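The values are calculated or read from the model by the stated rules, or taken from the named source; none is laboratory data. Since we're looking at a predicted model, the values are computed, not measured. Ideal geometry is used to build each Cβ from the backbone, glycine not excepted, and the neighbour counts take in all protein chains shown. We work out accessible area using only protein heavy atoms, side chains counted, and drop any ligands, DNA or RNA first. Shrake-Rupley method; radii C 1.70, N 1.55, O 1.52, S 1.80 Å.
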Amino acid sequence: MYLTRKLKLGRTDQLDALARRAGDLWSTVAKWHWRFVDRQGYWLSKGQSQTMHCKGYEGLHSQSAQAVADSFYDSLQSWRKKRDSGNYEGLRPPYKQKRYFKIQWKSSAIKLRDDGVLRLSNGRGNDPALINWPSGQEPKRVEIGWDGDRYELRCQQKVEEDGEPKGSKKLF
């Protein structure tokens, strides 16, 4: 079982730059996807798009870049399911350009140092994001997004399941 923890970070130039890079990549993936649809009548697959746009994308960890493309194609798939079910009145496919977008790191780009600092890799030659981490456990996934006022770190940690239920109420 996984537990999601949140931590308010504030606003820094490094986080702004990372969110801007992720937004640029989202815009590129969306633009080229719809360009292929309009000009060639062909829907790019997630793998094709990742190969074209995410490989060697400067300023983001490779898996963070892939996660941006994954988010676009997850949104596209959700829209297509609703369209096919006939329950999509007023909904439009993901097509708009984004100036900023959330940044995601998978376990290979996350390291908890001995001094309690979470090190989030941003690819070769780029400074990692360093965050003071109050928990002693290394997260499996990390996401940094804007909550309206400041950046917020959201991470998933694996927790041990207790055999005992937490509540006293019964369903039936």
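Details
- Solvent-accessible area, 1.4 Å probe, carbon plus sulfur percent, for the chain: 45 percent
- Sequence-distant residues sharing a close amide H with G123 (under 5 Å, placed H): H61
- Taking Cα atoms only, the orientation of helix 62-85 departs from the longest principal axis of the chain by about 60 degrees.
- Nearest-20 debye value, region 92-153 charge dipole, Cβ charges on Lys, Arg, Asp, Glu: 500 debye
- Amide H contacts for K98 (H built 1.01 Å from N in the peptide plane; partners 5 or more residues away or on another chain; cut-off under 5 Å): S27.
- FRET efficiency for the Q157 to K31 pair, using the beta carbon distance and R₀ = 30 Å, is estimated at 0.25.
- Å³ per residue enclosed by the Cα convex hull of region 42-113: 136 Å³
- Against the chain, whose longest principal axis comes from its Cα atoms, helix 13-40 is set at around 30 degrees.
- Solvent-accessible surface of region 24-172, taken per residue with a 1.4 Å probe and all protein chains present: 65 Å².
- Dipole check for the chain: with +1 at the C-beta of Lys and Arg, -1 at the C-beta of Asp and Glu, and the Cα centre as origin, the magnitude is about 540 Debye.
- Note on S135 and D16: the model spin-label points, each 7 Å out from Cα along the C-beta direction, lie 3.0 nm apart.
- Rounded to the nearest Hz, the phi-derived 3J(HN,Hα) couplings of region 46-51 under the Karplus curve 6.51 cos²θ - 1.76 cosθ + 1.60 (θ = phi - 60°) are 4, x, 5, 5, 5, 5, where x marks glycine and proline.
- In this rough spin-label picture, where each label sits 7 Å from Cα along the Cβ direction, the R5-W146 distance is 2.7 nm.
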